[in-house]
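A.B. asks: Take this structure, written in structure tokens, and hold onto it; I'll ask about it next.
The values are calculated or read from the model by the stated rules, or taken from the named source; none is laboratory data. Note that this is a predicted model, so its numbers are computed, not measured. Quick reminder, even Gly has a Cβ in these numbers, built from the backbone with ideal geometry, and neighbours come from all protein chains shown. Ligands, DNA and RNA are excluded from the accessible area calculation, which covers all protein heavy atoms including side chains. Shrake-Rupley method; radii C 1.70, N 1.55, O 1.52, S 1.80 Å.
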Amino acid sequence: MPNETPVHNIQTAATPLLPFLPSCAWLPWIAVPRENGKLDKVPTCGSKTDAPETWYTLSSALDILVQESSVAGIGLTIPN
């Protein structure tokens, strides 16, 4: 289908989960290479895993993913 972009697919897959999640629990991340060749997913755009006030809604995180070329993906954080 023409509307099936990666962002659309993320939105579609996540939508059924949204009622069960905090409204803001999404973090944009950048990929940072480690010495062993693996990648770390480092939060970016002011977000921190331990600071809920810096988390984004899914919609906002997807907007950042589309607009910021350095952002490699978004992740969901599960609060304590």
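A.B. asks: Would you point out which residue out of Ser69, Ser60 is open to solvent by 90 Å² or more (accessible area, probe 1.4 Å) and either polar (S, T, N, Q) or in a strand (DSSP E or B) (or both)?
C.D. replies: It is Ser69.
A.B. asks: Out of all the residues in the stretch 41-55, is one or more open to solvent by 90 Å² or more (accessible area, probe 1.4 Å), over 19 Å from Val7 (Cβ atoms), assigned to a loop (DSSP other than H, G, I, E, B) and of a type in the set (S, T, N, Q)?
C.D. replies: Scanning the stretch 41-55, I find no residue that is open to solvent by 90 Å² or more (accessible area, probe 1.4 Å), over 19 Å from Val7 (Cβ atoms), assigned to a loop (DSSP other than H, G, I, E, B) and of a type in the set (S, T, N, Q), so the answer is no.
A.B. asks: Quickly run through the stretch 27-39 and pick out the residues that are free of Cβ contacts under 8 Å to residues at least 12 places away in the same chain and within 14 Å of the chain's Cα centre (by Cα).
C.D. replies: none
A.B. asks: Select from the stretch 1-26 the residues that are in contact (Cβ under 8 Å) with a residue 24 or more places away in the chain and either in contact with a Gly (Cβ under 6 Å, 6 or more places away or on another chain) or not in a helix (DSSP H, G or I) (or both) and write down the one among them that is surrounded by the fewest Cβ atoms within 10 Å (Cβ to Cβ).
C.D. replies: Ser23
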